[in-house]
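Read through the structure below, which is laid out as structure tokens, and then see the notes.
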Amino acid sequence: MEKVKDLYIDEDSDVDEIIRKMGYCGGFQAPHLSTAVDILEKMIKDKDCIKFLSFPADIISTGARGIIKEMVKRGWFDIIITTCGTLDHDIARSFKDYYQGSFLMDDKELHKAGIHRLGNVLIPKESYGKIIEEKMRVWLKEIYSQKKDLATYEFCWEIGKRLKEDSILYWAFRNQIPVIIPGITDGAVGYQIWQFWQEHKDFNINIWKDEQYLSDTIWNAKKTGALIIGGGISKHHVIWWNQFKEGLDYAVYITTATELDGSLSGAQTREAISWGKIKETAKQINLFAEATLVLPIIYSSLLKRLKR
């Protein structure tokens, strides 16, 4: 057994140094954070590893969007799997502002004022539905005139080339990183696609092309790894496909969900091992933390390590 050591920090300590020290301080989730960064460093540096990133859309309404964007810009991941809401927020925030609020605000008053609340983020109607509808109506016509059958990742690239450099989709397009949306209809962008399809029945968002891409990638991969933030369809699609190569070689889960209700979102890495979705020998960790709290810290530490 290793001794629990006190954590000493002075005015010259940087984030990476602190995270390394947290590995031996016995601070409940603190060692898990340290281990998570160690695993991600190894995974990103492993040239034989196909790297997945999955996350739910809600964090894209926050400043964590900037962290995800920088990870994509630096090419740390090869495949992104997320939800339609990520497209919604990435587009909306490229043109309009969201605002800081509180979990305790009066939602009836917000509704009367035309403001949506996402946790403690405030989203005026004109900053979401209206701007997405306005942009998508124009873009769908442009895309349709050039191509009528697209995988979701091809569709995301088409959006990305029309956005600014502060967006995730722009850098996914620029670096040709596939952004796969298994639940493409579940959001404002998906609704606009559906409306467009009413008068353009030959326009097709072809999810089977996404699945073929994932199949080809997985069956030819030497190793795979994933940073999985939150749960839901994004998480499951990553681990589902990885069972066909006998599981992920690296896995870092960041979640606040409990496994006690049997949910996929709360399921820990050890459960995925029972399904063969994560290898028994994998480098893996469950980090119980709120994503917007730890992502900046993880990114800062990785930035220093990968630069070095």
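The values are calculated or read from the model by the stated rules, or taken from the named source; none is laboratory data. Please read these numbers as outputs of a predicted model, since none were measured by experiment. Virtual Cβ from ideal backbone geometry, glycine too; neighbours counted across all protein chains shown.
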Query raised in the report: Based on what the data block shows, is Ile80 in contact with a helix residue (DSSP H, G or I) (Cβ under 7 Å, 6 or more places away or on another chain), of a type in the set (A, V, I, L, M) and at negative phi?
Result: yes
Report task. Name every residue in the range 156-198 that is within 17 Å of the chain's Cα centre (by Cα) and in a loop (DSSP other than H, G, I, E, B), in order of residue number. Result -> Asp166, Ser167, Asn175, Gln176, Ile177, Pro178, Ile181, Pro182, Gly183, Ile184, Asp186, Gly187
Requested in this report: Output the residue which, of all residues in the range 98-118 that are of a type in the set (A, V, I, L, M), out of contact with any helix residue (DSSP H, G or I) (no Cβ under 6 Å at 6 or more places or on another chain) and surrounded by 11 or more Cβ atoms within 10 Å (Cβ to Cβ), is farthest from Ser61 (Cα to Cα).
Outcome: Ala113
Query raised in the report: Quick check: anything in the range 254-264 modelled with pLDDT of 95 or more and touching an Asp or Glu at 6+ places or on another chain (Cβ under 8 Å)?
Result: yes
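Quick check: anything in the range 206-216 crowded, with 20+ Cβ neighbours inside 10 Å, more than 16 Å from Thr35 (Cβ to Cβ) and not polar (S, T, N, Q)? Spell out how you get there, then give the answer.
Of all residues in the range 206-216, those crowded, with 20+ Cβ neighbours inside 10 Å come to 210, 214.
Then keep just the ones that are more than 16 Å from Thr35 (Cβ to Cβ); that gives 210, 214.
When the remaining residues are screened for being not polar (S, T, N, Q), the result is 210, 214.
Checking the range 206-216: at least one residue is crowded, with 20+ Cβ neighbours inside 10 Å, more than 16 Å from Thr35 (Cβ to Cβ) and not polar (S, T, N, Q).
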Query raised in the report: In this structure, is Leu295 closer than 26 Å to Lys69 by Cα and out of contact with any Phe, Trp or Tyr (no Cβ under 7 Å at 6 or more places or on another chain)?
Result: yes
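This table checks each residue for (1) in a helix (DSSP H, G or I); (2) touching a residue at least 60 places away in the same chain (Cβ under 8 Å); (3) crowded, with 16+ Cβ neighbours inside 10 Å; (4) not hydroxyl-bearing (Ser, Thr, Tyr).
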| site | (1), (2), (3), (4) |
| --- | --- |
| Lys235 | yes, yes, yes, yes |
| Tyr250 | no, yes, yes, no |
| Leu260 | no, no, no, yes |
| Ser265 | no, no, yes, no |
| Thr281 | no, no, no, no |
| Pro296 | yes, yes, no, yes |
Query raised in the report: Is it true that some residue in the range 236-251 is at positive phi and over 21 Å from the mean Cα position of the chain (by Cα)?
Result: yes
Query - Pairs where the first residue, in the range 194-214, is at positive phi and without any contact (Cβ under 8 Å) to a residue 40 or more places away in the chain and the second is buried (at least 16 other Cβ atoms within 10 Å of the Cβ) and assigned to a helix (DSSP H, G or I), C-beta under 6 Å, 6+ apart - result: none
Requested in this report: Any chance you could count how many residues in the range 267-279 are of a type in the set (Gly, Ala, Ser), over 21 Å from the mean Cα position of the chain (by Cα) and surrounded by 14 or more Cβ atoms within 10 Å (Cβ to Cβ)?
Outcome: 1
Query raised in the report: Restricting the range 57-86 to residues that are polar (S, T, N, Q) and more than 17 Å from Asp166 (Cα to Cα), which is nearest to the chain's Cα centre (by Cα)?
Result: Thr82
Query raised in the report: Hey, among the residues in the range 1-32 that are farther than 21 Å from Leu302 by Cα and among the aliphatic types (A, V, I, L, M), which one's nearest to the chain's Cα centre (by Cα)?
Result: Val4
Query raised in the report: Tell me, which residue of the range 199-229 that is among the basic types (Lys, Arg) and either assigned to a loop (DSSP other than H, G, I, E, B) or over 21 Å from the mean Cα position of the chain (by Cα) (or both) is farthest from Ile132 (Cα to Cα)?
Result: Lys222
Query raised in the report: Before we move on, is Gly160 surrounded by fewer than 21 Cβ atoms within 10 Å (Cβ to Cβ) and in contact with a helix residue (DSSP H, G or I) (Cβ under 6 Å, 6 or more places away or on another chain)?
Result: no
Query raised in the report: Hey, among the residues in the range 283-308 that are over 21 Å from the mean Cα position of the chain (by Cα) and at pLDDT 95 or above, which one's nearest to Ile39 (Cα to Cα)?
Result: Arg305
Report summary line: Those residues of the range 188-199 which are within 16 Å of Glu142 (Cα to Cα) and in contact with a helix residue (DSSP H, G or I) (Cβ under 6 Å, 6 or more places away or on another chain) amount to Val189, Gln192, Phe196
Query raised in the report: What number of residues within the range 57-75 are closer than 22 Å to Asn175 by Cβ and in contact with a helix residue (DSSP H, G or I) (Cβ under 6 Å, 6 or more places away or on another chain)?
Result: 9
